[in-house]
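The values are calculated or read from the model by the stated rules, or taken from the named source; none is laboratory data. None of the values given here were measured: they were computed from a predicted structure. All Cβ positions, glycine included, derive from the backbone under ideal geometry; neighbour counts span all protein chains shown.
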Amino acid sequence: MADVKKLLQGFDNFYQKYFVENPETYKNLVLEGQSPKTLVIACSDSRVDPSILMNADPGDIFVIRNVANLVPPFDDDMSHCHGTSAAIEYAVKHLKVQNIVILGHSHCGGIKTLVEEHNHNHNFIDTWLEIAETQSINQICKNNDTETACRLCEKEAIQISLNNLMTFPFVAEAVQQDKLKIHGWYFDLWSGNLDIIK
Ligand SMILES: [Zn+2]
């Protein structure tokens, strides 16, 4: 339970900062609504929280987090539960964000599973990771040891997600009209470096 206590103390600090010392912050965000300019698609990994990494304030970034920060290709079968696609749709169509950042990272457990296993248990994780099971990823896995393959696949998966983003008609249209820019960033947990891939 120690963990939860720490989180509740953290909330007290947050409350003090935004509701006692700067009460206008949330009042304005409620009265005017949110208008974040950037959608960040990051991994669920506890070490790569975009708000912490980017020192963001409330209202700055709209965030999607999932296993391995993947974007599925556009799929117009609306009978499926497309959580990531729904959030992309909301960010682009309704919030009209001007940037989408795919934030990948080193030592990603999701990518490691993709590199090491290929066992197709047909559980949620394996099915989800199939998004990144491309020829390029398979080639990297075949030609490298596990650690090297993981680092290369983490970066390649960012490229796959960038490509998949463009399969969404409303994303492609906004990019063509110069209303939206898409970016790929890679955070190295060991060195602390942030590589700008795109
Ligand atoms: Zn990850």
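Considering every residue within the range 146-162, establish whether at least one is closer than 16 Å to Thr38 by Cα and at pLDDT 95 or above. Yes, some residue in the range 146-162 is closer than 16 Å to Thr38 by Cα and at pLDDT 95 or above. Pairs linking a residue in the range 62-83 that is assigned by TED's automatic domain parsing to the domain that holds Ile52 and free of Cβ contacts under 8 Å to residues at least 24 places away in the same chain to a residue that is away from the ligand (no atom under 16 Å from the Cβ) and among the charged types (D, E, K, R), with Cβ atoms under 9 Å and 6 or more positions apart or on different chains, are His82/Asp75; His82/Glu89.
Test Asp12 against the stated conditions and say whether it is surrounded by fewer than 14 Cβ atoms within 10 Å (Cβ to Cβ) and closer than 28 Å to Ala132 by Cα. The answer is no for Asp12. Every condition in (1) free of Cβ contacts under 8 Å to residues at least 60 places away in the same chain; (2) at negative phi is met by Leu39 except one, and the failing one is (1).
Being part of a loop (DSSP other than H, G, I, E, B) and touching a Phe, Trp or Tyr at 6+ places or on another chain (Cβ under 8 Å) is the filter here; which residues of the range 51-67 pass it?
Pro58
Annotation for the range 149-161: no member residue is without any contact (Cβ under 8 Å) to a residue 12 or more places away in the chain and farther than 17 Å from Ala91 by Cβ. The numbered conditions (1) part of a loop (DSSP other than H, G, I, E, B); (2) away from the ligand (no atom under 16 Å from the Cβ) are all true for Val71 except (2).
Please find, among Asp75, Asp60, the residue that is under 30 Å from Asn28 (Cβ atoms) and charged (D, E, K, R). Steps first, answer last, please.
Numbers: Asp75 fails: under 30 Å from Asn28 (Cβ atoms).
Matching residue, one of Asp75, Asp60: Asp60.
Only one of (1) within 16 Å of the ligand (Cβ to nearest atom); (2) in contact with a His (Cβ under 7 Å, 6 or more places away or on another chain); (3) in contact (Cβ under 8 Å) with a residue 60 or more places away in the chain fails for Asp126. Which number is that? With (1) within 16 Å of the ligand (Cβ to nearest atom); (2) in contact with a His (Cβ under 7 Å, 6 or more places away or on another chain); (3) in contact (Cβ under 8 Å) with a residue 60 or more places away in the chain applied to Asp126, the lone miss is (3).
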